[in-house]
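Each remark here refers to the structure printed beneath this line.
None of the figures in this text is laboratory data; all of them are computed from the coordinates on show. Computed from a prediction, not measured in an experiment: that's the story for all the values here. We place every Cβ from the backbone using ideal geometry, glycine too, and count neighbours over all the protein chains shown.
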Amino acid sequence: MRLLLDTCTFLWLATDDPQLSKTARDCCRDPRNEVYLSALSGWEIAIKYRLGRLRLPERPDRYVESRRKWLQLEPLPFDESSAAHDALLPELHADPFDRGLVSQAILNGLTIVTPDTLIARYPAPVTW
């Protein structure tokens, strides 16, 4: 399976947070799966950190990269096609980061690992 992590999923996976579902944890740790972290998640983390809404043990540029490598996640750049695809999505979710993840999942054939019920209403597969 090819998986795309929601930002909260990445943060919970990186700290083995109990909010992470057993299914999500197992899917992300299964070596048969390809697991991706979008550049959008790095951007979202950096913004929340700067605004004081997210505490991290180190600066976000170091934290995201070190945890992504430690968890053996593949980086997924955010490209022009994914950005433009936002215009084709229904207005179900106001969060631009989540809409971007949905666009990436649709265009790249990925399943989003998220607890977000609004994301689950889009035409992209979701697991949790």
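Scanning segment 58-84 for residues being assigned to a helix (DSSP H, G or I) and either small (Gly, Ala, Ser) or surrounded by 16 or more Cβ atoms within 10 Å (Cβ to Cβ) (or both) gives a total of 10. Scanning segment 32-43 turns up no residue that is over 16 Å from LEU110 (Cα atoms) and without any contact (Cβ under 8 Å) to a residue 12 or more places away in the chain.
Here is the figure for segment 8-57: residues that are part of a loop (DSSP other than H, G, I, E, B) and either of a type in the set (S, T, N, Q) or surrounded by 11 or more Cβ atoms within 10 Å (Cβ to Cβ) (or both) total 8.
For segment 85-95, the criterion of being part of a helix (DSSP H, G or I), surrounded by 15 or more Cβ atoms within 10 Å (Cβ to Cβ) and either over 11 Å from the mean Cα position of the chain (by Cα) or in contact (Cβ under 8 Å) with a residue 60 or more places away in the chain (or both) is satisfied by at least one residue.
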